[in-house]
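Quick one: structure below, then a few questions.
The values are calculated or read from the model by the stated rules, or taken from the named source; none is laboratory data. Please read all numbers here as calculations on a predicted model, not as lab measurements. Every residue, glycine as well, gets a Cβ built from its backbone with ideal geometry; the counts of neighbours run over all protein chains shown. To get the accessible areas, we keep the full protein, side chains included, count just its heavy atoms, and leave off ligands, DNA and RNA. Shrake-Rupley method; radii C 1.70, N 1.55, O 1.52, S 1.80 Å.
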Amino acid sequence: MHAVITPDKWVPGAYTLTVDGTPQSHVNLDDPTQLFFEYVQRMGHVIDQLGMPGEPITAVHLGAGALTLPRYVEATRPGSRQQVVELESELVELVRQELPWSSRASIRVRHGDAREVLEKLPAGLTGSVDLLVVDVFSGARTPAHVTSIEFYRAASRLLSARGILLANIADGPGLAFARGQAATLTEAFGHVAALAETQILKGRRFGNIVFVASPAPLPLDWMPRLLAAGPHPSKVVDGAELREFIGSASVVTDATATPSPPPAKSIFQVRPGAD
């Protein structure tokens, strides 16, 4: 793993974390509520809908990056209890040294594989997590073992009655991987919506789709709010439209799971030494 943190040339106080040539996180230390990547903005909009504005939540983040979303949760919902799981200890230490987060934040970092740590979290978290973020990448691809029905069922046991899971899924033309994830999340949780830029959901270009999943019905008033919040052009797919999106895609199991498809190098890769 080769990780580099570089200042944002256009935004004072902001930095980008790049891992093995792929931009992984963007953080504004002066204003943690500013979210840069489009899919992260969409995640932030969903988080804003949880409970009452500013209400503290219990959150688990699988995949640390530069802790963009844990910082966002702390800034918008002070007093939240958060657990962050990251495989690469060296990455966490680099971020801790160069992009330290608030000492007031109740953020605990656990080191290890996301799925293994998920199944060993304290029993007190079972049924009490309001937000579970799945944003696990090895380079530019999501590992297979965090995409299966077995994984998502283990994850579902953590959620509170109002809890939601947010999954960042990257896919390209054809959307075979994303359709399989939609089928799997629906099987595991029952209630699912997808948010993305319109052309991505049509399978016309590679990009990120944010899936929102919950054992409880997603409030209908969320959907117009999420659409209005952007970034634009955007689309929210749920209900019959999501079933049409899934089509004949099969539920993914541990036996059939594959990593997410790699993007073309021209999409995300940063050349060594590039400004």
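Mind telling me which of the residues 186, 198 ends up being polar (S, T, N, Q) and out of contact with any helix residue (DSSP H, G or I) (no Cβ under 9 Å at 6 or more places or on another chain)?
198
Would the stretch 69-80 turn up any residue that is assigned to a loop (DSSP other than H, G, I, E, B) and open to solvent by 10 Å² or more (accessible area, probe 1.4 Å)?
yes
Could I ask something else about it? Which of (1) closer than 27 Å to residue 121 by Cα; (2) in contact with a strand residue (DSSP E or B) (Cβ under 9 Å, 6 or more places away or on another chain) does residue 52 not meet, given it meets every other one?
Unmet for residue 52, out of (1) closer than 27 Å to residue 121 by Cα; (2) in contact with a strand residue (DSSP E or B) (Cβ under 9 Å, 6 or more places away or on another chain): (2).
Any residue in the stretch 109-128 that's at positive phi: show its pairings with residues that are polar (S, T, N, Q) at Cβ separation under 8 Å, as long as the two are six or more apart or on different chains.
Cβ pairs passing all conditions: 127/160.
Could I ask something else about it? Any chance you could count how many residues in the stretch 209-238 are in a strand (DSSP E or B), open to solvent by 20 Å² or more (accessible area, probe 1.4 Å) and touching a residue at least 60 places away in the same chain (Cβ under 8 Å)?
Qualifying residue count for the region: 1.
For the stretch 188-225, what are the residues that are within 21 Å of residue 132 (Cβ to Cβ) and β-branched (Val, Ile, Thr)?
192, 209, 210, 212
Is there a residue being within 30 Å of residue 153 (Cβ to Cβ), touching a residue at least 40 places away in the same chain (Cβ under 8 Å) and assigned to a helix (DSSP H, G or I) anywhere in the stretch 92-106?
no
Mind checking which residues of the stretch 246-275 are modelled with pLDDT of 95 or more and among the charged types (D, E, K, R)?
254 - this is the single residue of the stretch 246-275 that is modelled with pLDDT of 95 or more and among the charged types (D, E, K, R).
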